[in-house]
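Notes follow once the structure below has been shown.
The values are calculated or read from the model by the stated rules, or taken from the named source; none is laboratory data. From a predicted model like this one, the values you see are computed outputs, not experimental measurements. Quick reminder, even Gly has a Cβ in these numbers, built from the backbone with ideal geometry, and neighbours come from all protein chains shown. Calculation scope for accessible area: heavy atoms of the full protein, side chains included, ligands and nucleic acids excluded. Shrake-Rupley method; radii C 1.70, N 1.55, O 1.52, S 1.80 Å.
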Amino acid sequence: MITRRHVVAGAGALTAAAMAGNRPALAQGIPAGYSADYKDLVDKAVKEGAVSIYTSTDDVQGRPLIEAFRAAFPGIRVDYNDLGTNGAYNRVISEAAAKQVGSDIVWTSAMDLQMVLVSKGQAETYKSPEAAQLPAWANFNDQLYATSVEPVAIMYNKSMLGALKPPQTRAELIAFLQTNKEALKGKVASFDPEKSGSGFLFFNNDARTTSDTWELVKAFGGTDPKVYGSSGAMREKIASGEHWIAFNLIGSYAIEWAKKNNNLGVVLPPDHAAAFSRVANISKGAPHPAAARVFLDFLLSQRGQTAMAGSGAPSIRTDVSEGLNIAKLNEMAGGKLKPIPVSAALLEASDPKTRAEFFQKWKQALRG
């Protein structure tokens, strides 16, 4: 398990070695396509000595990226803080109010909350040399960058469903819940949008972009549903057989879990192939601004994206062959993958009136 203490301690030894002249600050040279003065930025980053990351990416999935960064930049310590989506947002806001900024990079899957930070002036503007490699929708004003593309999926327990045919589309899911609601009592799970920023993002995006969202929530409500704050919690219940099927969970996780457990099935509904991104910004007033830029560039680079894709976070770049990338995912979704753009439209979801109306409809639909 990677922990903040482990990352800090491990990198601390590397930092000490680098300061002693035993390790290069930039292990693999200036990346191709970068300006010659990029070494100056790296030198400044090494003098700063550390980069602090507030994130919702769990330790297992984040470890390969951090280890790859440390190998490329052995003079820069990484302080990795897995705070969850809401936790990262709240901490940034409270630290900014106290004028004690602690984050250099904020990197979470709550795209709407990240856009709120941008709107509140909590993100620096920085044009990464990797920006040209990204789709246009993945970069908002050089302040907020998409770093992955991850579909929303259905996951089920093959043994527990037995003779019940698992739904292959969104429309089939609604019919499946309606037709089998008695058999499925207490066996269906999804995100709790009140507790999870990702869960709210997914359901709110559904409500804005599809006409059948409330019909689906109503059908879900008829099964005595269970809601959770994370995909991992749903995975445990599905794998154990306590629940039979879950929907709107993070597809990249589900695909990896199904590779390791043949009893788990995963569907990317081609009639609703929404995909979200983990998005990253450099904090306004970051204590280590140069190190933050170096880390963001690495996160968006082919090497950084390869490390992420290898741990199950599909790459937003098409030149990454490890794991899944955006082109492969689009093929799996029948050419209908619909990434949520990193745009000001995300702010609509953060409006208190919009949120209040959403939760009113959510509760009404669950009651049937």
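Could you list, in their original order, any pairs among 187/361; 127/195; 195/353; 237/363; 39/127; 259/336 whose Cα atoms are separated by more than 26 Å?
Among 187/361; 127/195; 195/353; 237/363; 39/127; 259/336, the Cα-Cα distance tops 26 Å for 127/195.
What number, rounded to the nearest 500 deg cm²/dmol, is the helix-based mean residue ellipticity at 222 nm of the chain, given -39500 (n - 2.57) per DSSP H run of at least four residues and division by all its residues?
Dividing the helical sum by the residues of the chain leaves -13500 deg cm²/dmol.
Taking 0.36 nm per intervening residue step and subtracting the Cα-Cα distance, what contour gain separates residue 44 from residue 367 on full extension?
110.6 nm
When the convex hull of the Cα atoms of the chain is projected onto a plane and the area is averaged over all directions, what value comes out in nm²?
It is 17.8 nm².
Using the C-alpha gyration tensor of the stretch 173-319, what are the square roots of 5 times its eigenvalues, in whole angstrom, with the largest one first?
33, 18, 14
Could you check the spin-label model distance between residue 214 and residue 100? Points 7 Å from the Cα along Cα→Cβ, value in nm.
With each label placed 7 Å out from Cα toward Cβ, I get 4.5 nm.
In whole percent, how big is the carbon plus sulfur part of the accessible area of the chain, probe 1.4 Å, protein atoms only?
51
Measure off 7 Å from each Cα along the Cα-to-Cβ vector at residue 165 and residue 322, then give the distance between these two points in nanometres to one decimal.
Output for this residue pair reads 4.0 nm.
So what is the accessible area of the chain per residue, in Å², with the probe set to 1.4 Å?
41
Report the full-extension gain for the segment residue 178 to residue 30: residue separation times 0.36 nm, less the Cα-Cα distance, to one decimal in nm.
Separation in residues times 0.36 nm, less the Cα-Cα distance, equals 47.5 nm.
Would you kindly work out the equivalent ellipsoid of the stretch 293-368 from its C-alpha gyration tensor and give its semi-axes, the square roots of five times the eigenvalues, largest first in whole Å?
Semi-axes (√(5λ), whole Å): 34, 18, 11.
Using only the alpha carbons of the stretch 90-148, determine the length spanned along each of the three principal axes and report them from longest to shortest in whole angstroms.
The principal-axis extents, from largest down, are 37, 20, 17 Å.
Dipole size in debye (nearest 20) for the stretch 83-213 around its Cα centre, Lys and Arg Cβ +1, Asp and Glu Cβ -1?
420
Taking every eigenvalue of the Cα gyration tensor of the stretch 92-200, multiplying by 5 and rooting it, what semi-axes result, largest first, whole Å?
Ellipsoid semi-axes (Å, largest first): 40, 19, 11.
Would you mind counting up the charge near residue 213? Only other residues with Cβ under 12 Å from its Cβ, with Lys and Arg at +1 and Asp and Glu at -1.
Summing Lys/Arg as +1 and Asp/Glu as -1 gives +1.
I'd like the orientation of helix 170-179 relative to the chain: the angle between its Cα long axis and the longest Cα principal axis, in ° from 0 to 90, rounded to 10.
That works out to roughly 40 degrees.
Once the Cα atoms of helix 231-240 and of the chain are each reduced to a long axis, what angle between those two axes, in degrees from 0 to 90 to the nearest 10, is obtained?
Taking the Cα atoms of the chain, the angle to 231-240 is about 50 degrees.
When the solvent-accessible surface of protein heavy atoms is calculated with a 1.4 angstrom probe, in what order do 156, 145 fall, highest first?
Most to least solvent-accessible, the answer reads 156, 145.
Taking the Cβ of residue 50 as the centre, find all other residues whose Cβ is under 9 Å away and add up their charges (Lys, Arg: +1; Asp, Glu: -1).
Here the charged neighbours net out to -2.
Rounded to a whole number of µm²/s, how large is the Stokes-Einstein D of the stretch 252-353 at 20 °C and 1.002 mPa s, given Rh as the Kirkwood radius over C-alpha pairs?
My calculation gives 136 µm²/s for D.
Which whole-number percent is the relative contact order of the chain (Cα, under 8 Å, 6+ apart)?
Dividing the mean separation by the residue count of the chain yields 25 percent.
Would you work out the relative contact order for the stretch 51-113, in percent, from Cα pairs under 8 angstrom that are 6 or more residues apart?
53
Please work out the FRET efficiency for the pair residue 119 and residue 185, using the Cβ-Cβ distance as r and a Förster radius of 56 Å; give the result to the nearest 0.05.
0.85
Using only the alpha-carbon atoms of the stretch 32-96 as identical scatterers, what base-10 log of I(q)/I(0) does the Debye formula give at q = 0.16, 0.27 Å⁻¹?
-0.68, -1.09
Okay, which of the stretch 264-304 sit inside 18 Å, backbone N to the point 7 Å along the Cα-Cβ direction of residue 348?
273-277
Between the helical axis of 197-209 and the dominant principal axis of the chain, each derived from Cα atoms, what acute angle in degrees is found, rounded to the nearest 10?
Around 60 degrees separate the two axes.
I want to verify a result. In a Gaussian network model of the chain, Cα cutoff 10 Å, which of these has the top mean-square fluctuation: 157, 261, 281?
Judging by the Gaussian network model, the answer is 261.
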